[in-house]
Amino acid sequence: MTEAELESIAQQLVARLRDDDPEAVNRWLCSQVSNPNDWYRLCFVLAAAVPDDQRWSELLAWWTGPPMEPVKTRPRAGEFIDEIAVERACYGEGVFLNAAERRAAVAKLMRRGMNQVQIGGLLGLSVRSVNRHAAALRKRSDSVAA
């Protein structure tokens, strides 16, 4: 997504937050932004728009509803791995992966000879996250070998 598209979504989001219920806002936002990298970038667009001379309680004074519960975009399914999602992620598509799927994608890309910087760039992960997944894979293979 371009910065202009993210800016437009951010502007629409502000209006929708004040006018719609949280579930409707969530459904709309999920339909607009599907790539986890774009969610991350949208956070920066929104943060840049927040005035730093006001307290959060002042900024959210209009909110009178119950506390909002975090919305799970995908239920945790233990060690369930969607191989199609993993393969799509390995080809650079911005699909949502759970922790097990991210670990599988890291393993697959390591087997293809990619380094950790390349893997992080392709999957939208930090090098530190790739290192953590690689360490978990090594630990798992060590425990299976023993």
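The values are calculated or read from the model by the stated rules, or taken from the named source; none is laboratory data. As the structure is a prediction and not an experimental result, all values here were calculated from the model. Virtual Cβ from ideal backbone geometry, glycine too; neighbours counted across all protein chains shown.
Here are the numbers for this structure:
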{"quantity": "Qualifying residues in region 13-30 (those that are farther than 18 Å from Leu46 by Cα and within 20 Å of the chain's Cα centre (by Cα)) - the one surrounded by the most Cβ atoms within 10 Å (Cβ to Cβ)", "calculated": "Arg27"}
{"quantity": "Residues located in region 101-131, provided they are hydrophobic (A, V, I, L, M, F, W, C) and not in a helix (DSSP H, G or I)", "calculated": "Met114, Leu125"}
{"quantity": "Residue within region 39-50 that is part of a helix (DSSP H, G or I), modelled with pLDDT under 80 and over 20 Å from the mean Cα position of the chain (by Cα) present", "calculated": "yes"}
{"quantity": "Within region 103-146, considering residues that are among the β-branched types (Val, Ile, Thr) and over 17 Å from Val86 (Cα atoms), the one farthest from the chain's Cα centre (by Cα)", "calculated": "Val144"}
{"quantity": "Leu97 vs. criteria at pLDDT 70 or above, surrounded by 14 or more Cβ atoms within 10 Å (Cβ to Cβ) and either more than 22 Å from His133 (Cβ to Cβ) or touching a Gly at 6+ places or on another chain (Cβ under 7 Å) (or both)", "calculated": "no"}
{"quantity": "Qualifying positions in region 79-92 - within 16 Å of the chain's Cα centre (by Cα), more than 10 Å from Leu123 (Cβ to Cβ) and surrounded by fewer than 18 Cβ atoms within 10 Å (Cβ to Cβ)", "calculated": "Arg88"}
